[in-house]
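First the structure, in the form of structure tokens, and then the observations on it.
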Amino acid sequence: MLEVVDATLHYGAAQALRGVSLTAGAGRITCVLGRNGVGKTSLMRSIVGHHRLTSGRVAFEGKALDRSAAYDRARSGIAFVPQGREIFPLLSVRENLETGFAPLKRADRIIPGEVFELFPVLEQMLARRGGDLSGGQQQQLAIGRALVMRPKLLILDEPTEGIQPSIIKDIGRAIRYLRDKAGIAVLLVEQYLDFCRELADEIYIMDRGVVVHRGPARDLDSPEVRKMLTV
Ligand SMILES: Nc1ncnc2c1ncn2[C@@H]1O[C@H](COP(=O)(O)OP(=O)(O)OP(=O)(O)O)[C@@H](O)[C@H]1O
Ligand SMILES: [Mg+2]
């Protein structure tokens, strides 16, 4: 469903991606792992259209995206939950969710019940300001906002970062539901290995702008693979 081929990306003279290829399929969880600063976020931001690749290709459902703006990629069904959540602290929970309406036609601008089934706390806090939520609740809000646009591909950049274990469990359950019941393609960036080990169908490991390993999630049990991930 998503295909990235030989992606390279520069920030000025610095090269962040050096020929990355990756695929993510419907009804599968594809996990990207790697130490700090190896280019995981750069890759995700290139897929959603926040960065323009220097060379290489991104295709979604067989259609080249390289020339489409972030807005058009969202309209084609790609949703992004950014690292650090980036919710609007002064807007209410409801208004934060409604920002997910942007790529939708007027008739589709309804918050799906699924969002509140997966994260009941959001329904209880609809009138609360985003900034008054706990970190874990904000992460649930960021995922809820992405689901509002009923994506076919959901990209999450380190959703467990700084989140307490009980909420990590809820997030894991939600991601699994989206794969199994909704058949969504999930592309998940993580540094929390056990979370990936439990959820992923396939893992990619990045190091300094390249993919150094691709395989099933059980590869995370191998000492060689573990070594690629420790400092
Ligand atoms: N906007 C930017 N301008 C210049 N350099 C950047 C920018 N964003 C990232 N970089 C650099 O590109 C490299 C890859 O960064 P990136 O954020 O993609 O890594 P990451 O794997 O997501 O790291 P982390 O695990 O810490 O989130 C790093 O050396 C980083 O300093
Ligand atoms: Mg990152």
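Relative contact order, percent, of the range 2-229 when contacts are C-alpha pairs under 8 Å separated by at least 6 residues?
Details: 438 pairs, mean separation 67.5, N = 228.
With pairs under 8 Å counted, the relative contact order is 30 percent.
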Accessible solvent surface per residue of the chain, calculated while the other protein chains remain in place, 1.4 angstrom probe, Å²:
47 Å²
Rounded to a whole number, what % of the accessible area of the chain do carbon and sulfur atoms account for, probe 1.4 Å?
48 percent
Testing the spin-label approximation: label points 7 Å from Cα along Cα→Cβ at PHE101 and PHE88. State their distance in nm.
1.1 nm
In order over the range 83-95: 3J(HN,Hα) from phi, Karplus 6.51/-1.76/1.60, θ = phi - 60°, whole Hz, x for each Gly or Pro, gives 4, x, 6, 6, 7, 8, x, 8, 8, 5, 4, 4, 5
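What FRET efficiency, computed as 1/(1 + (r/R0)^6) with R0 = 30 Å and r the Cβ-Cβ distance, is obtained for ASN36 and ASP221, rounded to the nearest 0.05? Write down the numbers at each step before the final one.
Details: r = 23 Å, r/R0 = 0.76.
For R0 = 30 Å, the calculated efficiency reads 0.85.
Tally Lys and Arg at +1 and Asp and Glu at -1 over the other residues with C-beta under 14 Å from the C-beta of TYR192: what net charge comes out? Can you show the working numbers first?
Working: positive: ARG35, LYS40, LYS169, ARG197, ARG226; negative: ASP157, GLU158, GLU161, GLU190, ASP194, GLU198.
Net local charge, TYR192 excluded: -1.
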Listed by chain and number, the residues whose amide H is under 5 Å from that of ILE155, excluding neighbours fewer than 5 places away on the same chain and using placed H, are ALA79, PHE80, VAL81, LEU187
Quick check: convex hull over the Cα atoms of the chain, volume per residue in Å³, rounded to an integer?
122 Å³
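Consider all pairwise Cα distances in the range 111-194 and report the whole-number % of them above 16 Å. Each step should come with its number before you reach the end.
Working: 1716 of 3486 pairs.
Percent of Cα pairs beyond 16 Å in the range 111-194: 49.
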The chain - charge dipole about Cα centre, Lys and Arg +1 at Cβ, Asp and Glu -1, debye rounded to 20
480 debye
The range 86-134: GluC sites (Glu not before Pro) in DSSP coil with no more than 13 other Cβ atoms inside 10 Å:
GLU86
Structure-based [θ]222 nm, the chain - -39500 (n - 2.57) summed over DSSP H runs of at least 4, per residue, nearest 500
-9000 deg cm²/dmol
Apply the Karplus curve 6.51 cos²θ - 1.76 cosθ + 1.60, θ = phi - 60°, to the phi angles in the range 3-19 and return the couplings in whole Hz, x for Gly and Pro.
9, 10, 10, 6, 6, 10, 9, 10, 10, x, 7, 8, 9, 9, 10, 10, x
Quick one: which residues, 5 or more positions from LEU65 or on another chain, have an amide H under 5 Å from its amide H? H modelled 1.01 Å from N in the peptide plane, none for Pro or chain starts.
VAL58, ALA59, PHE60
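The values are calculated or read from the model by the stated rules, or taken from the named source; none is laboratory data. These figures come from a predicted structure and were not determined experimentally. Positions of Cβ are backbone-derived with ideal geometry, glycine not excepted, and every protein chain shown enters the neighbour counts. Please note that ligands, DNA and RNA were not included when accessible areas were found on the heavy atoms of the full protein model with its side chains. Shrake-Rupley method; radii C 1.70, N 1.55, O 1.52, S 1.80 Å.
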